[in-house]
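Note sheet for the following structure.
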Amino acid sequence: MSRNHQRVSHLIEFAHAIFGRGAHAGDVNKVSENTTMLERRRAERVLINDAGIISLDEHTTIPCVVYDLSDTGVRLTMMSTNGVPDSFLLQASCFGSGVCEVAWRTEESIGARLTRLDRW
């Protein structure tokens, strides 16, 4: 396991210690009294809410919030996802920097796969 994956695993374990264990991939989460939702994520996510920076090139950046993080991906929120390419460099104090590939997007959020993380 790489050092970066160990760091994310430690963040997840820390969140479990503070907030208790949540659902794991494949679990059914109760959303309301009449609704259930199947959890389809491959890796457990931990809420981060940390500032991040999307780098488009050496002169252009977009501020964002790293909403949650897992061993395999990240969810970002920002004012607008317009102008964010399908692959980009993300920098955040919670994990350093990494190359991201967009898996899904809405007007204000992006879910991305972390394809490579730099060393701590």
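The values are calculated or read from the model by the stated rules, or taken from the named source; none is laboratory data. Keep in mind the model is a prediction, meaning the values are calculated, not measured. Note: ideal-geometry Cβ built from the backbone for every residue, glycine included; neighbour counts use all protein chains shown. Remember, those area values only see protein heavy atoms, side chains included, never the ligands or the DNA or RNA. Shrake-Rupley method; radii C 1.70, N 1.55, O 1.52, S 1.80 Å.
Per-structure values
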quantity	calculated
Selection from the range 89-106 of residues that are open to solvent by less than 10 Å² (accessible area, probe 1.4 Å) and either of a type in the set (F, W, Y) or in a loop (DSSP other than H, G, I, E, B) (or both)	F95
Given (1) among the aliphatic types (A, V, I, L, M); (2) crowded, with 18+ Cβ neighbours inside 10 Å; (3) at pLDDT below 50, index of the condition A25 fails	(2)
Some residue of the range 29-43 being part of a helix (DSSP H, G or I), modelled with pLDDT under 90 and open to solvent by 50 Å² or more (accessible area, probe 1.4 Å)	no
Test: residue in the range 58-77 that is free of Cβ contacts under 8 Å to residues at least 12 places away in the same chain, in a loop (DSSP other than H, G, I, E, B) and open to solvent by 70 Å² or more (accessible area, probe 1.4 Å)	yes
Residue in the range 74-87 that is within 12 Å of the chain's Cα centre (by Cα) and among the hydroxyl-bearing types (S, T, Y) present	yes
